[in-house]
Amino acid sequence: MLRWLGAGLVILATGSMGLHGIARLRRRVSVLEGLIVSLQLMESEICTRMAPTRDVLELLSREAPPPVRGLYRRAWGGLEALGRCSFYTIWKMAVEKSTELELRREETELMTSLGLSLGRYDVREQAQALGRVRRRLEAMLGRAREERDRDSRLHAFFGLASGLFAAIILL
Amino acid sequence: MTDTDRQADRYRDAARLLPDTVRRRAFLLEDRGRAAAEELRLRVGQPLSVLLPEGERELGVETVTGRELSLLIELATGASAQSSRRELASGYIACRGGHRVGLCGSVYLENGHMAGFSACTSAAVRIAREKRGIADGLLPGLFRGGQFRSTLICAPPGAGKTTLLRELVRVLASPSRLCPAYRVSLCDERGELAALWDGAPQLDVGERTDILDGCPKGEAVMTVLRAMNPQIVALDEITGPADTAAITQARNCGVALLASAHAGCLDDLRARPLYREMLSGGVFENFIFIKRTGGQREYQLTKGDSELC
């Protein structure tokens, strides 16, 4: 009886590892989607309404898709430090502290580079920078979706298969 | 709170616009100096200095860096160049509290006009000042037949035109023994007079003042005439033909005017075609000239007459 229970637990454990892998792939897609949507909102606020950066960040900390709100909340809160450090530093720190986004190095660098243009240059230059970052994120999103569709089945299969294999050996 | 305390508070408020490293130097100034300070001046490679009635005085020995000027601009705009675009193209940034940061350096052009700065080399933080009571001695002379008469304040830059104009607006728009409160429409193109922030004036401009902020003066005058039924229209610094055309039209509508202009004396006004037409048309009945003698301001009221023309 105990053997069967142990085998069941092993299958459950490896199966949940597989599911965790799938969740991470899905989360990466939703984070990238959230960043793209929030940058679109940012672009319209900055380029159409010419809203102050503080208001834009405050709005995004409330209205951006949930997975990415923390980034904007940190950047908004960080504005208190303006004068002690530049906006670029505040933005860079907000991106780096947003570990829950699980951004890869290339994505982190891309988002950080936005801080060099935001609030600093004329509307046209900011729109160009936002557009450039968004396009590259869209390309990354395309790859992330492919990765999710391709690797989800693999994660599920290997999770269950390795559990079954281990259980058979144990039994 | 005394007037000196209020001025010292305004200095502290203006100093908050400076980056941390420069702010510390600004606070080296003693309280008496803070109350009298008119501007904080930053020049790359030079120490921070404060403009006092007797002249400029350096604060500390550390020199201002280009990075500090960049931080100043970020602070003054709230890292929002997009919102301060029009102001940057005019060479200044209006800030919370009514203070103003004037900039100099290398500019870039769009369609042949200045559009902003590619690099800043100096900045002047002009401290917004409220000086209650400075118009008290002048006020009775601005009335004829119990009515306020159109008045032009003339002085060179930095002499205190805006401060006097704001105080006159405040007094005229509040009930007093001289007059009931007038309905004053204030055309505040550069946001210096009332310093609106989040829809509220940061500086006292009286109880019955309606403020039109950020609109070019010529257009603003016509807008308030149509929309607000003013008894007095107030505006700072008449600088272009559009302003004078709108002023003349307002005068023809029977509205009294309160304005300011860059001019040291009557001869300056007469010499400039822009003002000559207004003078010959008798648009203004009163002229106030501000003179600075030994760090003190002196107000001289002149009545308009045919000699002016």
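Find how many whole Å separate the alpha carbon centroid of the stretch B:282-302 from the alpha carbon centroid of the stretch B:18-58.
Distance between centres, Cα-based: 28 Å.
Report the residue, chosen from B:266, B:225, B:18, that carries the largest GNM mean-square fluctuation when chain B is represented by alpha-carbon nodes joined by springs under 10 Å.
B:266
Using the count of nearby Cβ atoms within 10 Å as a rough guide to exposure, how do A:76, A:91, A:4, B:197 rank from fewest to most?
Neighbour counts put them in this order, fewest first: A:4, B:197, A:76, A:91.
Determine the calculated [θ] at 222 nm for chain A from helices alone, applying -39500 (n - 2.57) to every DSSP H run no shorter than 4 residues and normalising by the residue count; nearest 500 deg cm²/dmol.
One gets -27500 deg cm²/dmol as the mean residue ellipticity at 222 nm.
How big is the charge dipole of the stretch B:3-126 about its Cα centre, in debye rounded to the nearest 20, if each Lys and Arg gets +1 on its Cβ and each Asp and Glu gets -1 on its Cβ?
Computed about the Cα centre, the dipole is about 220 debye.
Once amide H atoms are built 1.01 Å from N in the peptide plane, which residues 5 or more positions from residue B:211, or in another chain, come under 5 Å H to H?
So residue B:211 has HN proximity to B:186.
If R0 is 51 Å, what FRET efficiency do you get for residue A:20 and residue B:20 from their C-beta distance, rounded to 0.05?
0.70
Using 7 Å Cα-to-Cβ label points, what is the residue A:169/residue B:239 separation (nm, one decimal)?
Spacing of the two 7 Å Cα→Cβ label points: 8.1 nm.
Suppose a student asked you for the relative contact order of the stretch A:31-151, using Cα pairs under 8 Å spaced at least 6 residues apart; what percent would you report?
28
I'd like to know which of B:290, B:304, B:184 lies farthest towards the positive end of the charge dipole of the stretch B:139-308, counting +1 on Cβ of Lys and Arg and -1 on Cβ of Asp and Glu.
In the stretch B:139-308, that residue is B:304.
Hand me the GluC sites (Glu not before Pro) from the stretch B:1-68 located in a DSSP loop with no more than 13 other Cβ atoms within 10 Å, in residue order please.
Answer by residue number: B:30, B:54.
Which aspartates and glutamates, if any, have their Cα less than 16 Å from the Cα of residue A:97, not counting same-chain residues under 8 positions apart?
Within the straight-line limit of under 16 Å, residue A:97 reaches these aspartates and glutamates: A:106, A:107, A:109.
Is there a simple number for the mean count of other chain Cβ atoms within 10 Å of the Cβ of residues in B:276-284, and what is it?
Per residue, the number of nearby Cβ atoms from other chains is 0 on average.
Can you tell me, using C-alpha contacts under 8 Å and at least 6 residues apart, the relative contact order of the stretch B:3-126 as a whole percent?
About 22 percent, as a whole number.
How would you rank A:1, B:114, going from fewest to most other Cβ atoms within 10 Å of each one's own Cβ?
Taking fewest neighbouring Cβ atoms as first place, the list is A:1, B:114.
Based solely on its DSSP helices, what 222 nm [θ] is calculated for chain B when runs of n ≥ 4 H residues each add -39,500 (n - 2.57) and the sum is averaged over all residues, nearest 500 deg cm²/dmol?
-8500 deg cm²/dmol
Report, for the protein assembly as shown, the % of DSSP beta bridges that are antiparallel, rounded to 5.
60
Just to confirm my numbers, what's the Cα centroid distance between the stretch A:15-76 and the stretch B:222-279 in Å?
51
Dipole magnitude of chain B about its Cα centre, charges +1 at Lys/Arg Cβ and -1 at Asp/Glu Cβ only, in debye to the nearest 20?
For chain B, the charge dipole is close to 240 debye.
Placing +1 on the Cβ of each Lys and Arg and -1 on the Cβ of each Asp and Glu in chain A, which of A:167, A:70, A:131 has its Cα farthest towards the positive end of the resulting dipole?
A:167
As I understand it, the value is the acute angle between the Cα axis of helix A:123-170 and the longest principal axis of the Cα atoms of chain A; what does it come to in degrees, rounded to 10?
Compared with the principal axis, the helix lies near 10 degrees.
Would you mind calculating the relative contact order of chain B from Cα pairs under 8 angstrom and at least 6 residues apart, reporting the percent as a whole number?
Reported as a whole number, the value is 14 percent.
What is the average number of partner chain Cβ atoms found within 10 Å of a Cβ in A:50-59?
Rounded to a whole number, the mean comes out at 4.
In debye to the nearest 20, how big a dipole does chain A give about its Cα centre with +1 on each Lys and Arg Cβ and -1 on each Asp and Glu Cβ?
260
Please report A:88, B:108, A:121 as a ranked list, fewest other C-beta atoms within 10 angstrom at the top and most at the bottom.
Fewest to most other Cβ atoms nearby, the residues stand as B:108, A:121, A:88.
How shielded is B:79-92 by partner chains, expressed as the average number of their Cβ atoms within 10 Å of its Cβ atoms?
Mean shielding by partner chains, rounded to a whole number: 6.
Show me, for the stretch A:76-87, the HN-Hα J-couplings you get by feeding each phi into the Karplus relation (A = 6.51, B = -1.76, C = 1.60, θ = phi - 60°), rounded to Hz, glycine and proline as x.
So the Karplus estimates, Gly and Pro as x, are 5, x, x, 4, 4, 8, 4, x, 8, 9, 6, 4 Hz.
Read-outs: derived from the displayed coordinates by stated rules, not from any lab. This is a predicted model, so every value here is computed, not measured. Neighbour counts are summed over all protein chains in view; Cβ atoms, including those assigned to glycine, are modelled from backbone coordinates with ideal geometry.
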